[in-house]
There are 2 protein chains.
Amino acid sequence: MFTYQPPLKDIQFVLTALLNASKTLNAIPAFAEVDNDLMSQVVEQAGRFASEILLPLNAVGDREGARFHDGVVTTPTGFATAYKQFCDAGWPALARDPQYGGQGLPQILDSVLYEMLGATNTAWTMFPGLLHGAYACLYQHASAEIKERYLPEIVSGRWLATMCLTESNAGSDLGLLRSKAVPQADGSCKISGNKIFISGGEQDITENIVHLVLARLPDAPKGSKGISLFIVPKFLPGDGTPETRNTVTCTGIEHKMGIHGSPTCSMQFDDATGWLVGEPHRGLAAMFVMMNAARLAVGVNGVGIAEVAYQNSLAYAQERLQMRAVERPASRKNEAADPIITHPAVQRLLMNQRTWLEGGRMLVYWSALLLDTAHHHPEPRTRKSAEARLALITPIIKSMMTEQGFQGASQALQIWGGHGYIAETGIEQYVRDSRITMVYEGTNEIQAVDLSLRKIVSDGGQCLNELLNEIESTASLPREAALAGYAQATQEVVQRTRKATSNIIKVAASHPVVPYQIATETLRLVGHCAFAWLWLRAADTAQANHDKDPPFHDAKLATAEYYYSFILPETEQLLRVIDNTLKNSASGKPTAFLAKAISDAIRPD
Amino acid sequence: MFTYQPPLKDIQFVLTALLNASKTLNAIPAFAEVDNDLMSQVVEQAGRFASEILLPLNAVGDREGARFHDGVVTTPTGFATAYKQFCDAGWPALARDPQYGGQGLPQILDSVLYEMLGATNTAWTMFPGLLHGAYACLYQHASAEIKERYLPEIVSGRWLATMCLTESNAGSDLGLLRSKAVPQADGSCKISGNKIFISGGEQDITENIVHLVLARLPDAPKGSKGISLFIVPKFLPGDGTPETRNTVTCTGIEHKMGIHGSPTCSMQFDDATGWLVGEPHRGLAAMFVMMNAARLAVGVNGVGIAEVAYQNSLAYAQERLQMRAVERPASRKNEAADPIITHPAVQRLLMNQRTWLEGGRMLVYWSALLLDTAHHHPEPRTRKSAEARLALITPIIKSMMTEQGFQGASQALQIWGGHGYIAETGIEQYVRDSRITMVYEGTNEIQAVDLSLRKIVSDGGQCLNELLNEIESTASLPREAALAGYAQATQEVVQRTRKATSNIIKVAASHPVVPYQIATETLRLVGHCAFAWLWLRAADTAQANHDKDPPFHDAKLATAEYYYSFILPETEQLLRVIDNTLKNSASGKPTAFLAKAISDAIRPD
């Protein structure tokens, strides 16, 4: 009943027509050979794996769930086999360095792959999903010896990885964590402590598991400046000798709302042997390489979920007959009812889903190109500027696309009505599975603070303004009638965003709490600048390529129209809230008026 | 871990200070004796039942679920006992006619009761929740004989009731239903057909079940004008002789996302004996008495869910220590972290929850007074006008408050973070349970069409304008500084709504599809007029009563401020979308431009 068709045409539209990805990639020596043919081959194969292997396991994983008994975790039927097929096909190695067995392809292809994996099986995807962040973290920070020993196993997918950050009292605030690391004479450390919410902390699909663990060395300063990163394998690799079990054990798994197929483990480290990765006390910075990769990945997952939710909404809306259309074609005059897709309310839900997910796809593939540029471009300045822009856009992707994954799934349930609430149809599982994406890898509120404070206020808005300049220069190109309206709307939102953020930066100097109060509005406003820009470019591209495939490009133009008519108006609300807040803090009302109002009002009665 | 404190103070604020409910009620002879003391006694006892009896069964019901075996449904542990206690305390009889054993109290007290029942156990509340609609439907439409036989059993709660509407091909569109009724010589009918999604269709908590069933008589016209209503008991009441089992059976129950404790039954009627209620072929109108009661009830449930979600968000936010506040009090300088309630992002989530739920409470209690007036006021004109206003407001309550129940629960999960996603904490159950309220008793999209087309366009906006006039006359009263700003904002939104709806009515004449396209925006815009009005009155009331309880009234004023600063700005977005749509349909673009754009864009690729 539940279906997924890899959205190859739209993916190609974004990769090729819109972004001209191969051109950007070919300017990077590492990707000089990557052409459109190669990319479409990879994309097609990825789509086949997702739809043929993973989708059928999605409901199984939800129903069976991961099980725990006496320290051992059993994954749902078929998960281990699918993972073996995944590795045999070389997917974990796709965008990794050939030095460690990688295929040396660009990360933009990983984004496409993971969009489709996440669309078809979010729980399963969490197993390999953490590999790439672990790879990036070790690649950048580990010693040559560790890299030599671990990276080939990670690149091949033979060993999976985890992020061991959270403790019961340290979630969003890692500065509170208590796990300890005691250096040993041989250069290793003994790690002790309890971690919770460790995805894939224990499982039965790989022979070894590589835990990346945050802990404190004995001489560590308090807070987040005293955290170090360690690599702690489940089995200690012997040099030719048999591997020995390390003293890290899974003490239980959580019963969760969704992603039942992914074991969320409590892990106990009991003088477990580990090795420092990177510098002492600088573990958080190293771990953030992994965290940023995970944030992008979870945003990509949101796009995938929104896509599959849309496809199943559309299929049902075309088939389900209820009520007569307001304007019926003569051919249906004798029918008792019309497909619900003819009803404007259903059309609105479908178009909301479609516009957000196609916009999200443009945004995440564009950002993946930034990632490839940041990692591999020969020019240090180009690398640096791509990196800064990616840092700016990462929290937007994480927050807005996970929000949309959840809302898109919920809108699918709405279109399916009562049938969507029933477990068998598969819709409600997506609502449950997608809900965690708004929480993990930094809550969406933390993303907003990250963008507003660390990415905008901290550099006086410089990096943001460079992006806004680029958007304005696209928007100022001459265009004919319809598209000129979109360009004008894009310029308007950019100008208003420039003004609003500049006011926020000003107010922040005297009322530091204010940018925090409107961080979510700030994030969504900047996000809309990016979406307006991408939809303008999509409309330009669709117009230029129209005759190659008129129905596809008409649909793209109509979706752009939908963005400007129905979605972009959210900025009116955002700007009004920002304006109200700035006015209140600037007026004769006491400093941080809203903070006071809020603290008055949050008292229970 | 999961808590619920009956929000008695806020309930009293709305009933007494804001609405002066006893004054309105005392003008109705049936309620001449209802005073504030009586009302607060009832409210307190209701709160005790909900928090002491129902809350502890909420997680049990979710975990065990209703079970089905061979036609028999077993409800979760404790559900039957709680229901017996509920009946013994006389709760089903509260607002029913003394002629049938009722207590003759006003329905506003039922609203308070059901807010608290829904807050503590939505699944359980579905059992008695349908009683009152069945009562109202039979009370208004059944023969004296049926009323005599059934109403006392329903009023006492000894027999429960169901709404048997949906069939697999007839959900939102009841005109498609196929169940048949064949009249018999003795005045009864033989009912045959299959119904799905019947809440409480079978259960083990009452000895008999009264099904209200829609079916077609042999001479019925096609579509919705050929549907009749029948009463079909599980056991046929004998006159002194033993009761005989009717030929209606439960063939299975659904596995659902939530409300596991409420059995959602497939029912087979196999020449079952029933009796016509009301006139032949007019069953839909009679059933809509029950449906409208159910729509109000599900909106009330949304308020309850939003309240309990808020309370548990607040408790956790006060206790959970993560990160340091932007502005820390000197007393906490040496602490490693502050309660998350000090973080603006969490304050925003809490205030969103609080503002919507307290606004919702004002709206539903106010509408319950309209219901009491519509049913019992001695003046026919007053009854009629209350009825029209209630009809206008019902879809707003159903749609906006179920949306907020779900979003409020989801925001609670967000505040609880990873812990909120874990089943044991009880938060995620509310997200799952609340999701169905946006679907059943008419999807929220159907509510929007009902308001926009049947309640606004159909009477040329007259009933709406009467409400808007009343809001404006409240807003035009003289006020001092701060509150004058709220009054001005209220007037502004009313004026813009008047203009927008009048434009919609005009466009509807030439482009009938347009009001459907922006029905949700229209509903939310009108809803904000009501919320702005109620928050203005709440602020007035809080100011007038300030000295009686300064902390409570300061909090109320701060919440009003929050409404105007952060929530009302949604109307900017709504108005822009409405405006864009009207402009498109009025411009040189083809008629119903968006319908075309949408139908272009919804093609799969």
Practice item. Consider residue B:30 carefully, then state whether it is on the phi < 0 side of the Ramachandran plot, surrounded by fewer than 17 Cβ atoms within 10 Å (Cβ to Cβ) and assigned to a helix (DSSP H, G or I). Key: no
Point to revise | Pick from region B:142-169, criterion in contact with a Gly (Cβ under 8 Å, 6 or more places away or on another chain), away from every other protein chain (no Cβ under 14 Å) and among the hydroxyl-bearing types (Ser, Thr, Tyr), ranking: nearest to residue B:188 (Cα to Cα) | key: B:162
Practice item. Go through B:424, B:492, B:480 for me and flag whichever is within 30 Å of residue B:121 (Cα to Cα) and either without any contact (Cβ under 8 Å) to a residue 40 or more places away in the chain or within 14 Å of chain A (Cβ to nearest Cβ) (or both). Key: B:424
**Study point:** Among (1) within 13 Å of chain B (Cβ to nearest Cβ); (2) under 25 Å from residue B:427 (Cβ atoms); (3) over 20 Å from the mean Cα position of the chain (by Cα); (4) not basic (Lys, Arg), the one test that residue A:262 misses
**Key:** (3)
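Going by what's in this entry, would residue A:155 be described as among the aliphatic types (A, V, I, L, M), under 24 Å from residue A:271 (Cβ atoms), touching a Pro at 6+ places or on another chain (Cβ under 7 Å) and not in a loop (DSSP other than H, G, I, E, B)?
no
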Review point. Any idea which of (1) facing chain A (nearest Cβ under 9 Å); (2) buried (at least 22 other Cβ atoms within 10 Å of the Cβ); (3) under 30 Å from residue B:21 (Cα atoms) is the one residue B:516 doesn't satisfy?
Key: (3)
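Where in region B:354-456 are the helices (runs of 4 or more DSSP H), entirely inside, with at least 1 residues that are under 21 Å from residue B:568 (Cα atoms)?
B:380-416, B:444-449
Specify which of the listed residues (B:541, B:571) is more than 13 Å from every other protein chain (Cβ to nearest Cβ), assigned to a helix (DSSP H, G or I), in contact (Cβ under 8 Å) with a residue 12 or more places away in the chain and among the β-branched types (Val, Ile, Thr).
On inspection, the qualifying residue turns out to be B:541.
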Exercise for review: Test residue B:370 against the criterion of being touching a Lys or Arg at 6+ places or on another chain (Cβ under 7 Å), closer than 18 Å to residue B:522 by Cα and not small (Gly, Ala, Ser), and give yes or no.
Suggested key: no
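So that you can scan it fast, the table gives a plain yes or no per residue for (1) in contact with a strand residue (DSSP E or B) (Cβ under 6 Å, 6 or more places away or on another chain); (2) more than 14 Å from chain B (Cβ to nearest Cβ); (3) farther than 21 Å from residue A:579 by Cβ:
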| position | (1), (2), (3) |
| --- | --- |
| A:406 | no, no, yes |
| A:419 | no, no, yes |
| A:428 | no, no, yes |
| A:464 | no, yes, no |
| A:475 | no, yes, yes |
| A:487 | no, yes, yes |
| A:499 | no, yes, no |
| A:503 | no, yes, no |
Practice item. May I ask you to list the residues in region A:265-294 that are over 25 Å from the mean Cα position of the chain (by Cα) and small (Gly, Ala, Ser)? Key: A:272, A:274, A:278
Point to revise | Checklist (1) under 25 Å from residue B:226 (Cα atoms); (2) at pLDDT 95 or above; (3) acidic (Asp, Glu) applied to residue A:338, failing item | key: (2)
Check your understanding: When the residues of region A:430-451 are filtered to those that are touching a Pro at 6+ places or on another chain (Cβ under 6 Å) and crowded, with 23+ Cβ neighbours inside 10 Å, which remaining residue is farthest from residue A:126 (Cα to Cα)?
Key -> A:451
Check your understanding: Out of region B:1-21, which residues are over 15 Å from residue B:95 (Cβ atoms) and of a type in the set (Gly, Ala, Ser)?
Key -> B:17
Practice item. Scan region B:5-26 and give yes if some residue there is assigned to a helix (DSSP H, G or I), without any contact (Cβ under 8 Å) to a residue 40 or more places away in the chain and charged (D, E, K, R), otherwise no. Key: yes
Check your understanding: Going by the conditions given, is residue A:400 away from chain B (no Cβ under 14 Å) and surrounded by 24 or more Cβ atoms within 10 Å (Cβ to Cβ)?
Key -> yes
Point to revise | Sole residue being acidic (Asp, Glu) and within 30 Å of residue B:251 (Cβ to Cβ), chosen from B:88, B:110, B:97, B:62 | key: B:62
**Study point:** Unmet requirement for residue A:192, which otherwise passes all of (1) within 29 Å of the chain's Cα centre (by Cα); (2) away from chain B (no Cβ under 14 Å); (3) of a type in the set (Gly, Ala, Ser)
**Key:** (1)
Check your understanding: If a residue has to be closer than 23 Å to residue B:340 by Cα and not in a helix (DSSP H, G or I) to count, how many in region A:173-196 make the cut?
Key -> 7
Exercise for review: Looking only at region A:470-483, decide whether some residue is within 24 Å of residue A:526 (Cβ to Cβ), out of contact with any helix residue (DSSP H, G or I) (no Cβ under 9 Å at 6 or more places or on another chain) and part of a helix (DSSP H, G or I).
Suggested key: yes
Point to revise | Residues within region A:255-282 that are among the charged types (D, E, K, R) and either touching a residue at least 60 places away in the same chain (Cβ under 8 Å) or surrounded by 24 or more Cβ atoms within 10 Å (Cβ to Cβ) (or both), tallied | key: 3
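The values are calculated or read from the model by the stated rules, or taken from the named source; none is laboratory data. Everything numeric in this text was worked out from a predicted model, so none of it was measured. Don't worry about glycine lacking a Cβ; one is built from the backbone with ideal geometry, like all the others, and counts go over all protein chains shown.
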